[in-house]
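Written out below as structure tokens is the structure these notes cover.
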Amino acid sequence: MEEKKLDLNSIIGFVLISGILIWMLYSNAPTPEEIKEKEKKEQLDKQAKEVKTVSSTVAATPVADSTKNVEAQAQLGSFGYSATLPSATDAVTEIKNEVLSLKISNKGGYIVDATVLGFDQFEKNSKKAVQIIKDKNASLDIALNTTDNRTLHTKDMYFEPKLTTEGKNQVLTLQLKAGPDQFLEYRYVLKPNEYMLDFAIRSQGLEKVVNTSKPLDLEWQLKSYRNEKSVSYENRYTELVFEYEDGKDDYLNAAKDSEDEANDVSYIAFKQHLFTSILLTDTKFKTAKFKSDNLVDDEEIDTVFTKNFTAQVPLEFKNGALNYNMNWYYGPAKYEILNDYERNLDEIMPLGWGIFGWINRYIFIPVFGFISALGVGYGIAIVLFTILVRIVMSPVTYKSYLSQAKMKVLRPEIAELNEKFKDNPMKKQQETMKLYSKAGVNPMAGCLPALMQMPIFYALFQFFPSMFDLRQKSFLWADDLSSFDAVLQLPFHIPFYGSHVSLFPILASIAIFFYMKMTTGDQAMSTPPQEGMPDMGKIMKIMIYISPVMMLFFFNNYASGLSLYYFISNLITIGIMLVIKNYIVKEDKIHAQIQENKTKEKKESKFQKKMREMMEQAEAQKAAQKKK
């Protein structure tokens, strides 16, 4: 009974205390008027803080911008406006398609990175992409002569970029501003799957800012990076090429520092052996100055850069404004790609002049392209190409050997004439010519086939260094058919040879030794020595040993594809010569034919008659002088 009473008292006490607490809270709570007044005060305090912040910012900004404007105006004149814009930074904008990536900087508005996608540099196990431009090795600059007597350079000022699209094309517009509606503009348009991009330079509203009475000087500069395995070989084919005066083309000497200038220039190419940069213009540059500096003095030390190219051209105003539509090309120096643009860009390729270039363009390049398209691999393609060339040239080889064989048969008779008329050179020459005529032998016939092969030899010498398709293609031990095939690295450098040993040049040198042993030896035996003339037989015998050594040194740093060609070519030629010698041309049959020819009466040609009469007259004059 007592527990229940205690519980009831506890409950009553708890209720009373709770009620007192609630009453106290209610009594001390702010009235609605007080709450409203408090909220109003908080809102006013918040607004006061915001106004204070904005006011301080607004107050500070004009002062800062004003200072910046004054400094920029003092340095750049009207173009100081560009330095106050948010774009006045070193930021870059990238435009990229499937084959080319370009980065263009706000500062200068020019390309600071040009990466050719899908191709790697020369290092083994390296995935460094080929970069024609990187790390500030290139620049594009226009010297602006302002009306307030300043000379400003665009490469030092900031452009405002704007990236848009036109269909599938990426369009990057950069404006160097002298005011909201006054600017110099660069416009880049990159199309899908293209190495060539559109590039335009135009101006708007600069008539009172820039002196338009004379052209502006544009300077394009490139310090070419090494991209291939052999710096000396790459440097040999790294050169500045230009087109001028409606289709003429020329280049600067790649072997030394050189300069040149031309009129009415339509394109300028900084060619880096297997890659190239080209600036083309629809409005021809009235004049242009070119300069090429060789940066490889020592190929063991100078291994980063090859050449420093500079081109200077004038940009002329028309009606107070610039308006040039141009193009850039950054990509492979590949004949098929360049030729497809139909702007004479194939002339950038060193295919040879005259008949040599004709052979390469219309015979060798299409034939090799057809063979390599069969999917046999480029090493096998070179072998098949070589076999085809030697088969086509085999009639010339036959004529050459046949002439040598005839001269060899006549050698004893010529020796008799030399002995018989040793005191009368004129008579000896006359009788020798009679012998040749009766025997039906032309002493020059052995030289003509060799002369006929010279265009082929020179065309091939130009063909292989120009074949982009051989780049980094392997065959047997050669890991790159466009460069040397080193099988041994030497701990020292041999002048004119290098610090490595290439195997294909060794094989080619051995093959050419045996080929010359077969042909030059016979030719030396068949060519009688002439009085007062060097003994060609001895000279030819010396050349048997000198020529292979020269080839060994010369080709050690050349493309292994070229050495492979000469190795296979000489092997095939040796085989053809053995077949001709052992199964086709028999000396006893030639001797019989010559003896038969002697019995036949042969009519003199006009030339032979004239030569005979001249010799007889000279002999008669000599006899008359002796009588006196």
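The values are calculated or read from the model by the stated rules, or taken from the named source; none is laboratory data. On a predicted model such as this, the values are computed, not experimentally measured, just so you know. Note that we place each Cβ from the backbone using ideal geometry, even for glycine, and neighbour counts take in every protein chain shown. Protein only, heavy atoms only, side chains kept; ligands, DNA and RNA dropped before computing areas. Shrake-Rupley method; radii C 1.70, N 1.55, O 1.52, S 1.80 Å.
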Task: Residue match in segment 212-227 (condition: over 25 Å from residue 155 (Cα atoms) and either of a type outside the set (Val, Ile, Thr) or modelled with pLDDT of 90 or more (or both)) - done: yes
Task: Tally, over segment 232-250, of residues that are open to solvent by less than 80 Å² (accessible area, probe 1.4 Å) and in a helix (DSSP H, G or I) - done: 4
Task: Identity of the residue in segment 186-218, part of a strand (DSSP E or B) and acidic (Asp, Glu), that ends up farthest from residue 311 (Cα to Cα) - done: 198
TODO: Take segment 511-534 and flag every residue that is open to solvent by 70 Å² or more (accessible area, probe 1.4 Å) and either under 16 Å from residue 546 (Cα atoms) or at pLDDT 90 or above (or both).
DONE: 514, 517
- [ ] Go through segment 345-362 and give me each residue that's closer than 19 Å to residue 266 by Cα and open to solvent by 50 Å² or more (accessible area, probe 1.4 Å).
- [x] 347
TODO: Those residues that are assigned to a strand (DSSP E or B) and either under 23 Å from the mean Cα position of the chain (by Cα) or under 28 Å from residue 239 (Cβ atoms) (or both), I need them from segment 476-501; list them, please.
DONE: 478, 486, 493, 494, 498, 499, 500
- [ ] Filter segment 251-262 for residues that are open to solvent by 60 Å² or more (accessible area, probe 1.4 Å) and among the charged types (D, E, K, R) and give the result.
- [x] 256, 257, 259, 261
Open item on the list: Testing residue 253 on (1) free of Cβ contacts under 8 Å to residues at least 60 places away in the same chain; (2) assigned to a strand (DSSP E or B), one condition comes back false. Which one is that?
Closed with: (2)
TODO: For residues that are farther than 26 Å from residue 343 by Cβ and in contact with an Asp or Glu (Cβ under 8 Å, 6 or more places away or on another chain), scanning just segment 204-227, find the one that is most open to solvent (accessible area, probe 1.4 Å).
DONE: 204
TODO: State the number of residues belonging to segment 177-189 that are touching a strand residue (DSSP E or B) at 6+ places or on another chain (Cβ under 6 Å) and buried (at least 22 other Cβ atoms within 10 Å of the Cβ).
DONE: 5
Open item on the list: Being part of a strand (DSSP E or B) and surrounded by fewer than 16 Cβ atoms within 10 Å (Cβ to Cβ) is the requirement here; does residue 307 meet it?
Closed with: no
TODO: Would you mention how many residues in segment 190-202 are open to solvent by 10 Å² or more (accessible area, probe 1.4 Å) and touching a strand residue (DSSP E or B) at 6+ places or on another chain (Cβ under 8 Å)?
DONE: 8
- [ ] Filter segment 475-510 for residues that are modelled with pLDDT of 90 or more, farther than 29 Å from residue 543 by Cα and open to solvent by 80 Å² or more (accessible area, probe 1.4 Å) and give the result.
- [x] 476, 477
TODO: Would you tally the residues in segment 78-114 being in contact with a Lys or Arg (Cβ under 8 Å, 6 or more places away or on another chain), in a helix (DSSP H, G or I) and buried (at least 19 other Cβ atoms within 10 Å of the Cβ)?
DONE: 3
Open item on the list: List pairs: first residue in segment 378-398 and more than 11 Å from residue 565 (Cβ to Cβ) and open to solvent by 20 Å² or more (accessible area, probe 1.4 Å), second residue hydroxyl-bearing (Ser, Thr, Tyr) and assigned to a helix (DSSP H, G or I) anywhere in the structure, Cβ distance under 8 angstrom, at least six positions apart or on different chains.
Closed with: 378/372
TODO: Take segment 323-354 and flag every residue that is part of a strand (DSSP E or B) and aromatic (Phe, Trp, Tyr).
DONE: 324, 328, 329, 330
Task: Selection from segment 268-304 of residues that are under 25 Å from residue 480 (Cβ atoms), open to solvent by less than 30 Å² (accessible area, probe 1.4 Å) and not aliphatic (A, V, I, L, M) - done: 270, 271, 272, 273, 275, 276, 277
Task: Candidate set from segment 115-156 (those that are touching a helix residue (DSSP H, G or I) at 6+ places or on another chain (Cβ under 8 Å) and part of a loop (DSSP other than H, G, I, E, B)); member that is surrounded by the fewest Cβ atoms within 10 Å (Cβ to Cβ) - done: 148
TODO: Just give me the residues in segment 460-475 being under 18 Å from residue 371 (Cβ atoms) and part of a helix (DSSP H, G or I), in sequence order.
DONE: 460, 463, 464, 466, 468, 469, 470
- [ ] Please go through segment 157-169 and pick out each residue that is open to solvent by less than 80 Å² (accessible area, probe 1.4 Å), in contact with a Lys or Arg (Cβ under 8 Å, 6 or more places away or on another chain) and closer than 19 Å to residue 95 by Cα.
- [x] 158, 159, 160, 169
